[in-house]
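**Student:** Would you mind keeping the following structure in view while I ask a few things?
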Amino acid sequence: MNDTRELVLTLESHIPIITIESHDEQRVRHLFAEVAVHLNKPVFSWSMTEGMTRMDHGDSFSAQSHTKDPEAMLGQIKASTTPGVYVLMDFHPFIDEPLHTRLLKEIALNYHTISHTVVLVSHQLSVPNELKRLTASYEVALPTLDQLDRIVRDAANDWAKAHPGKKVQTDSATLDLLIRNLQGLSMNDARRLARKAIVDDGKITKEDLPRISKAKYDMLDMEGVLSFEYDTAQFSDVGGLKRLKRWLDQRKMAFHGEAQGLDAPKGIMLLGVQGGGKSLAAKAVSGSWGIPLLRLDFGALYNE
Ligand SMILES: Nc1ncnc2c1ncn2[C@@H]1O[C@H](COP(=O)(O)OP(=O)(O)OP(=O)(O)O)[C@@H](O)[C@H]1O
Ligand SMILES: [Mg+2]
């Protein structure tokens with residue numbers, strides 16, 4: 001099911017409050033602009049800087065600056081007798097204020113009389129307990145490999161336009177690795193990193209990948225539990241370990257999803273004496289397969 005269809009279903013499911021946790025506000029705005037035509041209600045957006053604006057009618061409805069104040073805005077929704085969808089951008093700093101929680105609850109409880117839907121869009125959001133049963137969450141799907149491919153190609157075209165007579169240089173294997181390394185990011189972040197890979201020299205090379213992976217894991221903000229290892233190695237640096245090398249060679253295609261019908265290997269446990277080459281082997285897997293190497297800090301997992 002595509003994003004728009006699923007969002008329409010969520011909005012029509014008679015749940016008065018919907019939360020969307022996303023770093024990609026622009027994408028969420030686009031989604032609402034698309035679904036607005038399928039709904040028989042007006043769609044408004046609110047932010048503390050703009051106040052309330054109508055999303056589905058272009059500029060014909062100018063911003064209502066008197067609704068910048070959260071309380072005034074919620075009061076206006078509550079007082080409105082025509083059902084509407086209200087998309088509140090970054091309401092999270094205000095949600096715990098007792099008056100705001102109460103107003104939201106009253107709007108929600110009145111849903112069967114006037115069906116207002118309040119959508120809360122923030123990078124992170126925790127809903128007060130009294131609102132939880134009136135709330136559903138909607139997840140914006142992350143871009144697919146095809147969409148990431150499009151993003152990288154668009155970035156390459158933009159670069160070519162800005163540099164007449166030149167084209168971005170790359171090879172399909174590196175391009176493929178870059179696209180895979182962008183998985184898990186929002187459209188905006190993926191776009192930013194794709195540009196970053198290209199902008200310095202107009203080339204996408206294997207040397208760009210560690211830099212891009214590092215930027216990606218910085219963005220994902222793993223709070224110190226997972227860290228990106230910049231330093232990798234090649235198997236030509238590793239002596240011995242023949243059976244490990246053979247095992248890896250046999251499974252490389254399955255791991256990259258190129259072998260039909262074979263499950264990707266889940267992991268390897270390396271056990272050995274100190275200084276026996278475990279870390280080096282891990283770095284060589286990452287370096288030779290062109291995949292990011294992440295270190296999980298076990299101590300931090302238990303650090304409550
Ligand atoms: N098979 C090998 N080929 C080449 N160098 C090796 C090999 N095994 C170990 N070394 C070298 O020995 C040093 C220690 O290796 P490494 O850090 O990978 O060991 P380790 O098993 O991770 O140790 P620890 O248990 O202390 O974490 C490194 O400098 C590494 O380059
Ligand atoms: Mg080690």
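We did not get these values from a lab; they are worked out from the coordinates using the rules stated. Because the structure is predicted, anything quoted here is derived from the model rather than measured. We place every Cβ from the backbone using ideal geometry, glycine too, and count neighbours over all the protein chains shown.
**Student:** Among the residues of the range 95-123, write down those that are outside any helix (DSSP H, G or I) and either aromatic (Phe, Trp, Tyr) or over 25 Å from Val140 (Cα atoms) (or both).
**Tutor:** Glu97, Thr113, Ile114
**Student:** Let me ask something else. For the condition within 13 Å of ligand 1 (Cβ to nearest atom), farther than 19 Å from Glu207 by Cβ and assigned to a loop (DSSP other than H, G, I, E, B), what is the one hit in Gly261, Gly257, Gly275, Gly267?
**Tutor:** Going through Gly261, Gly257, Gly275, Gly267 in turn, the sole match is Gly275.
**Student:** Next question, about the same structure. Identify, by number, the condition in (1) away from ligand 2 (no atom under 16 Å from the Cβ); (2) part of a loop (DSSP other than H, G, I, E, B) that Lys252 doesn't meet.
**Tutor:** Among (1) away from ligand 2 (no atom under 16 Å from the Cβ); (2) part of a loop (DSSP other than H, G, I, E, B), Lys252 violates only (2).
**Student:** If you don't mind, another one. I'd like the full set of residues that are without any contact (Cβ under 8 Å) to a residue 60 or more places away in the chain and away from ligand 2 (no atom under 16 Å from the Cβ), limited to the range 280-304.
**Tutor:** Ser288, Trp289, Tyr302, Asn303, Glu304
**Student:** While we're on this one: If I ask for residues that are buried (at least 17 other Cβ atoms within 10 Å of the Cβ) and polar (S, T, N, Q), which ones from the range 74-130 would you list?
**Tutor:** Residues satisfying the conditions are Gln76, Thr101, Thr117, Ser122.
**Student:** Test of understanding: among Ser236, Ser286, which residue is loosely packed, with under 12 Cβ neighbours inside 10 Å, within 16 Å of ligand 1 (Cβ to nearest atom) and of a type outside the set (A, V, I, L, M, F, W, C)?
**Tutor:** On inspection, the qualifying residue turns out to be Ser236.
**Student:** Right, another one. Looking at the range 189-210, can you tell me whether even one residue there is under 22 Å from Glu21 (Cα atoms), assigned to a loop (DSSP other than H, G, I, E, B) and without any contact (Cβ under 8 Å) to a residue 60 or more places away in the chain?
**Tutor:** no
**Student:** Please find, within the range 260-279, the residue that is nearest to the chain's Cα centre (by Cα) out of those that are of a type in the set (S, T, N, Q) and within 16 Å of ligand 2 (Cβ to nearest atom).
**Tutor:** Filtering first and then ranking leaves Ser279.
**Student:** Enumerate the pairs (first residue in the range 263-279 and without any contact (Cβ under 8 Å) to a residue 40 or more places away in the chain and closer than 18 Å to Arg243 by Cβ; second residue anywhere and part of a loop (DSSP other than H, G, I, E, B) and within 12 Å of ligand 2 (Cβ to nearest atom)) with beta-carbon separation below 8 Å, excluding pairs fewer than 6 apart on the same chain, so at least 6 apart or on different chains.
**Tutor:** Lys278/Leu270; Lys278/Leu271; Lys278/Gly272
**Student:** For residues that are free of Cβ contacts under 8 Å to residues at least 12 places away in the same chain and either over 18 Å from Ser45 (Cβ atoms) or acidic (Asp, Glu) (or both), tally how many sit in the range 71-114.
**Tutor:** 5
**Student:** Moving to a separate point now. All but one of (1) within 29 Å of the chain's Cα centre (by Cα); (2) assigned to a loop (DSSP other than H, G, I, E, B) hold for Met73, so report the exception by its number.
**Tutor:** With respect to (1) within 29 Å of the chain's Cα centre (by Cα); (2) assigned to a loop (DSSP other than H, G, I, E, B), Met73 is out only on (2).
**Student:** Please state which of the following conditions Met253 fails to meet, knowing it meets all the rest: (1) free of Cβ contacts under 8 Å to residues at least 12 places away in the same chain; (2) over 30 Å from Gln169 (Cβ atoms).
**Tutor:** (2)
**Student:** While we're here: For the range 215-259, what are the residues that are farther than 30 Å from Ser22 by Cα, of a type in the set (Val, Ile, Thr) and under 31 Å from the mean Cα position of the chain (by Cα)?
**Tutor:** Passing the criteria: only Thr232.
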